[in-house]
Amino acid sequence: MMDRPLFLVGCGKMGSAMLEGWLEMGMSPEHIHIIEPSALITEELRDRGLGAVTALSDLPADLNPEIVLFAVKPQSMDQAVSAFAEYHLPNTTFLSIAAGKTISYFENILGAKTAIVRSMPNTPAAVRHGITVAMPSGNVTESQRKICSTLLEAVGEVAWVDDEELIDAVTALSGGGPAYVFLLTECMVQAGIDAGLPAELSSQLARVTVSGAGELMRQSDETPSTLRENVTSPGGTTAEALKVLMANDAWQSLMTRAISAAAARSKELAG
Ligand SMILES: NC(=O)c1ccc[n+]([C@@H]2O[C@H](COP(=O)([O-])OP(=O)(O)OC[C@H]3O[C@@H](n4cnc5c(N)ncnc54)[C@H](OP(=O)(O)O)[C@@H]3O)[C@@H](O)[C@H]2O)c1
């Protein structure tokens, strides 16, 4: 897939999920160089036979990476990216998964001719069921785009957009989406308890129902609306619940407000 090495900058939750995905898809460990300041993490990685250093300066200067993937928190990004500013890496694609860091942010530090892909994954990446939306800068070639797709597909599905403005809504929908589903589960647990179920049973029922419904939706060709209609007998119990949830567009208007608030915050953070 790649002739030259891959640098993974930051091996926390997201970085390590991606690393495991690459190894699982058969990528050669010799191709991967991990830069991660935590000595504890680098030691663990080295024990597994992976190449890990605590700073970029610990790597030979002539490695000429094909891809540099930034998986550090946005607040650590200045330091992580600046470390590359003094290297001349004309054929390298810089791939970022950081929330709120725009393509022009990277171009300002790395130069306007740099190939940059800004992307937004989500946490189900940890179980290879994430979705990442990626946006290329004008300098990204078709083959660079393909390599980024393959790397991101190691942890789930990938969708590309050509309008960076969309990333705020993406962040609000799929970036934060898992949290909304977890909140839904919490609400179902509490409602089950309120309806008289023991807490442990209510928790088990809600958790397995949400994850099972998610898996059913993933495997099915039907739309979510059809799947909903399939469990709703006219005049039955589910119909009674849906009357409450759908009255006055209750959930829809709440969700629209929530996603719009998150998108506005994403725009604000990106400056
Ligand atoms: N988690 C999500 O839901 C989610 C979703 C979409 C996108 N993202 C993005 O993914 C990125 C990573 O998030 P995360 O949750 O994986 O964070 P994380 O678990 O904190 O991992 C970041 C890792 O990067 C290391 N690091 C810090 N400064 C560095 C530097 N200069 N060079 C190399 N490594 C450095 C950190 O080490 P120390 O701990 O020692 O500082 C840490 O191990 C963020 O930018 C976030 O916006 C996350």
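Every read-out reported here was derived from the displayed coordinates using simple, explicitly stated rules and does not represent laboratory data. No experiment lies behind these values; they were computed from the predicted model shown. Every residue, glycine as well, gets a Cβ built from its backbone with ideal geometry; the counts of neighbours run over all protein chains shown.
Which angle between 0 and 90 degrees, to the nearest 10, do you get for helix 177-194 versus the longest principal axis of the chain when only C-alpha atoms count?
Helix 177-194 and the main axis of the chain meet at about 30 degrees.
Under the Karplus relation 6.51 cos²θ - 1.76 cosθ + 1.60, θ = phi - 60°, what is the ordered set of whole-Hz ³J(HN,Hα) values for segment 253-265, x standing for Gly and Pro?
5, 4, 5, 5, 5, 5, 5, 5, 5, 5, 5, 5, 5
Test of understanding: ordering E30, E36 by Cβ neighbours within 10 Å, fewest first, what list do you get?
Ranked by crowding around the Cβ, least crowded first: E30, E36.
Please compute the length gained on full extension between R48 and E222, using 0.36 nm multiplied by the number of residues separating them and subtracting their Cα-Cα distance. Let's see the in-between values first.
Numbers: separation 174, 0.36 × 174 = 62.64 nm, distance 4.27 nm.
Going from the current span to full extension adds 58.4 nm.
What relative contact order, as a whole-number percentage, does the chain give when Cα pairs under 8 Å and 6 or more residues apart are counted?
14 percent
Report the gain in length on full extension from R207 to S104: 0.36 nm times residue separation, minus Cα-Cα distance, nm rounded to one decimal.
33.0 nm
With each pseudo-label sitting 7 Å past Cα toward Cβ, what's the S38-N64 distance in nm, one decimal?
With each label placed 7 Å out from Cα toward Cβ, I get 3.4 nm.
With the chain treated as a Gaussian network of Cα nodes joined by springs under 10 Å, which of R207, R128, R118 yields the largest mean-square fluctuation?
Of R207, R128, R118, the Gaussian network model singles out R207 as fluctuating most.
Run the quick spin-label model on V181 and M2: label points 7 Å from Cα toward the beta carbon, then report their separation in nm to one decimal.
My value for the distance between the label points is 2.8 nm.
I need the GluC sites (Glu not before Pro) found in segment 61-129, filtered to DSSP loop residues with at most 13 other beta carbons within 10 Å of theirs. Could you put the intermediate results ahead of the total?
On the way: sites: E66, E86, E107; in loops: E66, E86.
In loop regions of segment 61-129 (DSSP not H, G, I, E or B), the sparsely surrounded GluC sites (Glu not before Pro) are E86.
Take each of the peptides 7-19, 53-65, average the number of other beta-carbon atoms within 10 Å over its residues, and list them starting from the highest. Let's see the in-between values first.
Values: 7-19: 21.8, 53-65: 13.1.
Averaged packing, sorted descending, gives the order 7-19, 53-65.
By how many degrees, between 0 and 90 and to the nearest 10, does the Cα long axis of helix 237-246 differ from the longest principal axis of the chain?
Value to nearest ten degrees: 60.
Quick one: which residues, 5 or more positions from W160 or on another chain, have an amide H under 5 Å from its amide H? H modelled 1.01 Å from N in the peptide plane, none for Pro or chain starts.
Residues meeting the criterion, in which the H sits 1.01 Å from N, are A134.
Can you list residues from other chains, or at least 5 along the same chain, whose modelled amide H is less than 5 Å from the amide H of T93?
Answer set, sorted by chain and number: I67, V68.
I need the calculated FRET efficiency for the pair D162 and K113, taking r as the beta carbon distance and R₀ as 22 Å, to the nearest 0.05.
Efficiency, rounded to the nearest 0.05: 0.70.
Kirkwood Rh and Cα-based Rg: tell me the resulting Rg over Rh for the chain, rounded to two decimals.
Reported Rg/Rh, Kirkwood definition of Rh: 1.04.
Where does each of L69, L184 land when they are ranked from fewest to most other beta-carbon atoms within 10 angstrom?
Fewest to most other Cβ atoms nearby, the residues stand as L184, L69.
A264 to K73: extension gain in nm, 0.36 nm per residue of separation minus the Cα-Cα distance?
Working: separation 191, 0.36 × 191 = 68.76 nm, distance 1.98 nm.
Separation in residues times 0.36 nm, less the Cα-Cα distance, equals 66.8 nm.
Taking the Cβ of each residue in V72, V158 as the centre, tally the other Cβ atoms inside 10 Å and list the residues starting with the fewest.
V158, V72
Top mean-square fluctuation among D47, D194, D168, Gaussian network model of the chain, C-alpha springs under 10 Å?
D194
Straight distance only, please: which aspartates and glutamates reach the Cα of K267 with their own Cα at less than 15 Å, same-chain residues fewer than 8 apart left out?
Candidates past the 8-residue exclusion: D163, E164, E165, D168.
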